[in-house]
Amino acid sequence: MLNSLLALAQQPRIAPTEGDFWFPPQASSFASKIDSDYYFIYWVSAFFVLVIAGVLVLFTLKYHSKKNPKAERTSTHNTPLELAWSILPGIVLLYMFVLGFEGYTDLRTPPSNAVNVDVTAQKWAWTFTYPNGVVHDELHVEKDQPIQLTLSSVDVLHSFWVAAFRTKMDAVPGRYTKLWFTPTMTGEFWAQCTEYCGTNHSNMRAKVVVHEPGGLAKWLAVEGDPHGGGRTPAQAGEKIYKIQGCAACHTLDGSKLTGPSFKGLFGRQEQMLDGSTITADENYIRESILNPQAKIVSGYGPVSAMPTFQGRVKDNDIAALIAFLRTVK
Amino acid sequence: MSSTTETAHAPSGHAHDAHHWHEDPEAHLAHHFDTPQQQFDSGKLGIWLFLVTEILFFSGLFCAYTIYRSYHPEVFVYASKFLDTNMGFINTLVLIFSSLTAAWAVRNAQLNQKKALVINIVLTVACACAFMCIKYVEYSHKAHWGLLPGDAYTFNAPGVESPVTQDHPDPTVGMSRPDNIHIFFGIYFFMTGLHGFHVLAGIIVWLWLLKRAMKGEFNAKYFGPIDYAALYWHIVDLIWIYLFPLLYLIH
Amino acid sequence: MSSTTATHAPPQAGVNYLNARRGLLSWVFTLDHKRIGIMYLVGVMGAFLLGGVFALKLRTELLTVGKTIMDADTYNQAFTLHGAVMVFLFIIPGIPAALGNFCLPLMLGAKDVAFPRLNLMSFHLWMFGAIFFVIVLLTGGLDTGWTFYTPYSTTTTTSVIWAVMGAFILGFSSIFTGLNFIVTIHKMRPPGMTFFKMPLFLWGLYATALIQILATPVLGITLLLLAIERAFKLGIFDATLGGDPVLFQHFFWFYSHPAVYIMILPAFAVISELIAVHSRKEIFGYKFIGLSSVAIAVIGFVVWGHHMFVSGQSQMASIVFSFLTFFVAIPSAIKVFNWLATLYKGSIRINTPMLYALGFIWLFTIGGVTGLFLSTMSTDVHLHDTYFVVAHFHYVMVAGTLWGFLGGLHHWWPKITGKMYHDGVGMFASITAFIGFNLTFFPQFIMGTRGMPRRYYDYLEEFQFLHVLSTVGAYVLAVGLFMVLFLLIHSLMKGKKAPDNPWGAASLEWQTATPPITENFHETPKAGNPYAVYDFEYDPQTGDYKRVAFSDATH
Amino acid sequence: MSNTAHADAHGGHGTHGLAHVASVPSLLGTFGLLVLLTFVTVWVAKHPLGAIDIWVAMGIATVKATAVGLYFMHLRHDSGFNRLVFLGSFLFVFIFIGFAMMDRGQYDPTIQWQEALPKFQPAK
């Protein structure tokens, strides 16, 4: 333990990001406004904290019981003074409210030319549905093109937060919530889940890639469609395995996560919870994708934690997944 | 909300610190109070604060009612047709009458009229039991129709024989059936169930006071427990006064 | 109005409430508010120890990226139980039930609280609720976070219903303490003590009791709805059955925001006492400090929406809640400024209680101003549910309520136990805890703004160094707090006999024997100005303060 | 804050008792009023008046509630503080319901979306 601590000490103090001491890089249009609001409050707070600390230290040293054994009976109330230190801070506070109000209305009114991407949150994976129907587990956007995300969740509360864009919104089951931003920096950023959602809440990340203007179309053509770009069904299946978030619960190396591992699954005899044994063939895989509650492998909860993918995966996606599972030995 | 709380803070501290009785054995004065007036006023403020917690406790349900009625007004209009307004009406009268007898019991206690006090308490308890019986009939009627909250809602679901018969015509004829009817019944059973629980708690308190009243413990200088139990009873009645129109008379 | 109870025998010398009656039953079924206060004190400190153990497990796990000592599920249970045990078992009952129960009747010159049996029942309900949390520990733990947000809390497999019922019962314990305090303050004040002539500690407890009465019942109905929703799928909070998960957040925070004022107001009240007595000064701005407590209590009810700016709450509601939240900052600022004015030209004694009070003023100010970032809507969207929030509420809860609790405990320890403690060790422990606390939580502000979300078992590589600082700080804080525990245990066993009024305070609890007799006072004392510390002269032989004058309140 | 600790400051004090004794006429009168208003509530419910129905029903219920409060619960002859406590609680109830309702507009339009998704029927 000790040497790992020492190793840490030599590491560069803080991993270098282009951001400043307090913030990650300002990668969206309203990041600078929010940071300036933060710094305004920061300096007001620093002023009050230092003044109070100074007065405390000054009084403690000056009126220490040894130096000042007999306390002086000063006046015990002074209403004008009380009003002064109520109204003046009050004005500063109201100005903070106005700053917050301006920033918030900007954060919550998407521009008309925003491109809409549907985001579905599920236990421990984000899936993005692009306007042309492509479904992917990464959010690809273009620089200076406003993006509106329509968030929804299929199981519990989640929250979509890209620290670099300074914007955050909960994904609530049963309703749509909206979030928008205009990326101003190309590069890759992390979108993290900030509403506690269970075991892998801390790994529920999505990569946000900001392309140069026009780069998105190129990416969609190649990467967007898992079946496109000359990929064999098995390779497409592997891509879908990552995109749809199967990886969050099913591993390829035999280790057990929330769900059984896919290693050597295809064609194997599987022992079911209700004692029956079935061969893991195409029908079993298709049924388990569309109706996970139908056949549950023994050793897994009475109620399957897997949400249904009915309406989220098309038939060719299922065929690709089955092709991919054949190759997982 | 266990019933013992009402009696616990009616400070009739007489048993264990008997040696503290001084010139006024009638006043059941607890050792830490100076005068019967202070003891009575403390008990009165204590019960009022307890009733505030009851009001805030039910306010959660009234808030849920308000919000869901504003979200799904059609559900409330449709589902309230299944409630039997006559039974609700009788129940309201029964509870108002028991409120009268409770208030009268306080008067009797203050004027040392022991016999009348016992009669009024018995009447209050009788009305409370009547209220619970009518409520039992209502609940069983609904259970029979499958009008229950959450998953238990099976009213004319496929495969369940429809309860609509000659003498039980479907009151919602001509109305389209909205989704999520069970939300109304979830709120209905929770509100009236919690209110019923408080009526039961009141019955237990009144029976305990009946035993003490028959021993002649209460007099002009010491009637706190009767007054506080009556106040609690009036709040239970007051909550029903709001529940009745909100649940039974919706259109 | 002299006491009319002339009949009971004059107490012999040396008999006090501790040795008046012996045996376990004399404690478990006592009606003496002082004994109930001590039982609460032992209980809440035990709960604090349990919560602290979970905190250390958390911080140890977060020392390195990936798995350090436990897996994700165990971590989720550790942070949930840390929150739930600390909130429901320590910090809400903490100061009011332990110190308040002991001091309130004494400060009023009364024999006991208005309803002694209700007071005992409140303690038994606290024990009963604590047993529920022990059952939670034994039957699979809890992994919903102390906030029980639905739909996670209605779908997880951990024992949520036990925990919810435990919190439900603890709610009644809190209600009955509050009810008892309001009636006692209204109906049992001594002759001559108007509302503006009673110690500020009672103003704080009064404002806290107001919130306990008005807010806790809503927690009761919320938890009942949650338990029945989980057991019978009622459909109120479950979106698939037409319910609304965000409504649960409204119900929950309607209680839980006033609850944070239940936590801080008693600490404010303790600090007002400490600052006045240990700087030998009459409190400055008595009316403003007293009324600001009540103002915080009332405003605390209309601001809960600032917990939900990003939860899908409507913009209009968010704007209104943000605007109202700023008004809570003003009364807190008034208190801090009045404390500084009290110190002016005083004779400030540096001892353990005063060190906690001075530490409180500075650290609470940091905690308070960081709240401004979270009530300003534009910055809150970025900072919500990040480590910035974790640091904010630990600055106001640990540096606030815990520092107030420890300061009050050291201040009234001589009166409670009749023993003094070693002041040097006390101050050293306080400074160690001060350093450990800042080392633990200041780095978390930086992590928060940089993008470290809350309740994370694993984190990005860039936060590694700050987490190491925070974990080291957590251990230093633990060392400081254990020093306090050993100091107090040592004082119990070998402490010097405490004089009746070691600090020279003017409030009534110091005008009776140390430790007090079961009846508190031989006859009801006459109430003067509770802050007339100048009426007391220090007597070097006995180390005690003798009253040399009696002055009535000046304001 | 009046110092009501010991003074018998309650107005309209009964003879030597601790509190006001309710007279029989006031009891019966209140009871009659309550029964009458209950009939009125049901009668009004039979003749729907459109949107203001809910307010009429609440108005009648509030009149009944104040009658119970004033006469059955002796608030008429009680110390001011007890009245303040009783009315104060309604203020906080309105704060709770009012602010929660303020947020209600946010929810409704999108609930239908949830209907489309297949329900997760746990295996019965």
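The values are calculated or read from the model by the stated rules, or taken from the named source; none is laboratory data. Worth saying up front: this structure is predicted, and the values here are computed from it rather than measured. Glycine gets a Cβ as well: all are built from the backbone with ideal geometry, and neighbour counts include every protein chain shown.
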> From the list C:VAL320, C:VAL390, C:VAL336, C:VAL369, which residue is without any contact (Cβ under 8 Å) to a residue 60 or more places away in the chain and more than 7 Å from chain A (Cβ to nearest Cβ)?
Replying inline: C:VAL320
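Which one is farthest from the chain's Cα centre (by Cα) among residues in region D:55-70 that are within 8 Å of another protein chain (Cβ to nearest Cβ) and of a type in the set (A, V, I, L, M, F, W, C)? So that I can check it myself, show each step before the final result.
Quick first cut of region D:55-70, residues within 8 Å of another protein chain (Cβ to nearest Cβ) only: D:57-58, D:60-61, D:64-65, D:68-69.
Filter once more, so that each one left must be of a type in the set (A, V, I, L, M, F, W, C): D:57-58, D:60-61, D:65, D:68.
Working: D:ALA57: 12, D:MET58: 9, D:ILE60: 10, D:ALA61: 7, D:ALA65: 5, D:VAL68: 10 Å.
The qualifying residue farthest from the chain's Cα centre (by Cα) is D:ALA57.
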>> touching a residue at least 60 places away in the same chain (Cβ under 8 Å) and more than 25 Å from C:VAL164 (Cβ to Cβ): is that true of C:ILE296 in this structure?
In response: yes
>> Being part of a helix (DSSP H, G or I) and either of a type in the set (Ser, Thr, Tyr) or more than 10 Å from chain C (Cβ to nearest Cβ) (or both) is the requirement here; does B:LEU51 meet it?
In response: yes
> Given (1) of a type in the set (A, V, I, L, M); (2) at the interface with chain C (Cβ under 7 Å from one of its Cβ atoms); (3) surrounded by fewer than 24 Cβ atoms within 10 Å (Cβ to Cβ), where does A:VAL115 come up short, assuming only one miss?
Replying inline: (2)
>> Any residue at all in region A:205-226 that's within 12 Å of chain C (Cβ to nearest Cβ), buried (at least 22 other Cβ atoms within 10 Å of the Cβ) and in contact with a strand residue (DSSP E or B) (Cβ under 7 Å, 6 or more places away or on another chain)?
In response: no
>> Quick test of your reading of the structure: C:TYR545 fulfils all but one of (1) farther than 30 Å from C:VAL396 by Cα; (2) assigned to a helix (DSSP H, G or I); (3) not charged (D, E, K, R). Name the failing condition by number.
In response: (2)
>> Looking for something more than 7 Å from every other protein chain (Cβ to nearest Cβ) and hydroxyl-bearing (Ser, Thr, Tyr) - is there at least one such residue anywhere in region A:183-204?
In response: yes
>> Go through (1) surrounded by 15 or more Cβ atoms within 10 Å (Cβ to Cβ); (2) away from every other protein chain (no Cβ under 13 Å) for A:GLY264 and report which single condition fails.
In response: (1)
> Of all residues in region B:62-92 being more than 24 Å from the chain's Cα centre (by Cα), hydroxyl-bearing (Ser, Thr, Tyr) and facing chain D (nearest Cβ under 10 Å), which is farthest from D:VAL93 (Cα to Cα)?
Replying inline: B:TYR71
>> If D:VAL21 meets every condition in (1) within 30 Å of C:MET188 (Cα to Cα); (2) at pLDDT below 85 apart from one, which number is that one?
In response: (2)
>> Could you go through region C:227-236 and let me know if any residue there is closer than 30 Å to C:SER507 by Cβ and either surrounded by fewer than 24 Cβ atoms within 10 Å (Cβ to Cβ) or within 22 Å of the chain's Cα centre (by Cα) (or both).
In response: no
>> Just the residues that are under 19 Å from C:PHE388 (Cβ atoms) and facing another protein chain (nearest Cβ under 7 Å), please, taken from region A:162-182.
In response: A:ALA163, A:ARG166, A:THR167, A:LYS168, A:MET169, A:ASP170
>> C:PHE196 - would you say it is assigned to a helix (DSSP H, G or I) and modelled with pLDDT of 95 or more?
In response: no
> With respect to B:PHE184, is the statement that it is within 14 Å of chain C (Cβ to nearest Cβ) and not aliphatic (A, V, I, L, M) true?
Replying inline: yes
> Residues of region A:99-133 being of a type in the set (A, V, I, L, M) and more than 30 Å from A:HIS250 (Cβ to Cβ), which ones?
Replying inline: A:LEU99, A:LEU107, A:ALA114, A:VAL115
> Residues of region B:24-33 being crowded, with 21+ Cβ neighbours inside 10 Å and facing another protein chain (nearest Cβ under 7 Å), which ones?
Replying inline: B:HIS32
>> Conditions first: (1) crowded, with 23+ Cβ neighbours inside 10 Å; (2) without any contact (Cβ under 8 Å) to a residue 24 or more places away in the chain; (3) among the polar types (S, T, N, Q). C:THR155 passes all but one, so which condition is the exception?
In response: (1)
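Condition check ((1) within 14 Å of chain C (Cβ to nearest Cβ); (2) closer than 26 Å to A:ILE34 by Cα; (3) touching a strand residue (DSSP E or B) at 6+ places or on another chain (Cβ under 9 Å)) across all residues:
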position: A:PRO110; (1), (2), (3): yes, yes, yes
position: A:GLN122; (1), (2), (3): yes, no, yes
position: A:ASN132; (1), (2), (3): no, no, no
position: A:VAL141; (1), (2), (3): no, yes, yes
> Across region C:52-78, which residue is nearest to C:PHE437 (Cα to Cα) among those that are over 23 Å from the mean Cα position of the chain (by Cα) and β-branched (Val, Ile, Thr)?
Replying inline: C:THR60
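Residue-wise test of (1) over 30 Å from A:CYS193 (Cα atoms); (2) in a loop (DSSP other than H, G, I, E, B); (3) touching a residue at least 60 places away in the same chain (Cβ under 8 Å); (4) among the hydrophobic types (A, V, I, L, M, F, W, C).
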site	(1), (2), (3), (4)
C:VAL468	no, no, yes, yes
C:ALA478	yes, no, yes, yes
C:LEU481	yes, no, yes, yes
C:ALA513	yes, yes, yes, yes
>> Can you confirm whether C:PRO258 is touching a residue at least 12 places away in the same chain (Cβ under 8 Å) and farther than 22 Å from A:LEU93 by Cβ?
In response: no
>> Given the options C:ILE182, C:ILE236, C:ILE213, C:ILE228, name the one that is of a type in the set (Val, Ile, Thr), free of Cβ contacts under 8 Å to residues at least 40 places away in the same chain, away from chain A (no Cβ under 14 Å) and under 17 Å from C:TYR149 (Cα atoms).
In response: C:ILE228
> Of all residues in region C:108-155 being among the small types (Gly, Ala, Ser) and assigned to a helix (DSSP H, G or I), which is modelled with the lowest pLDDT?
Replying inline: C:SER153
> If you go through region B:181-195 one residue at a time, do you hit one that is within 20 Å of B:LYS135 (Cα to Cα), in contact with a helix residue (DSSP H, G or I) (Cβ under 7 Å, 6 or more places away or on another chain) and of a type in the set (Ser, Thr, Tyr)?
Replying inline: yes
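Could you tell me which of the residues C:GLY426, C:GLY371 is in a helix (DSSP H, G or I), under 30 Å from C:GLN313 (Cα atoms) and not aromatic (Phe, Trp, Tyr)?
Numbers: C:GLY426 fails: under 30 Å from C:GLN313 (Cα atoms).
Every option except C:GLY371 fails the conditions.
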> Looking at B:ASP170, B:ASP151, which is the one that is surrounded by 14 or more Cβ atoms within 10 Å (Cβ to Cβ), part of a helix (DSSP H, G or I) and modelled with pLDDT under 95?
Replying inline: B:ASP151
>> Anything in region A:152-161 that is hydrophobic (A, V, I, L, M, F, W, C) and more than 9 Å from every other protein chain (Cβ to nearest Cβ)? List them, or say none.
In response: A:PHE160
> Which of the residues belonging to region C:275-317 are part of a loop (DSSP other than H, G, I, E, B), among the small types (Gly, Ala, Ser) and over 30 Å from C:GLU537 (Cβ atoms)?
Replying inline: C:SER311, C:GLY312, C:SER314
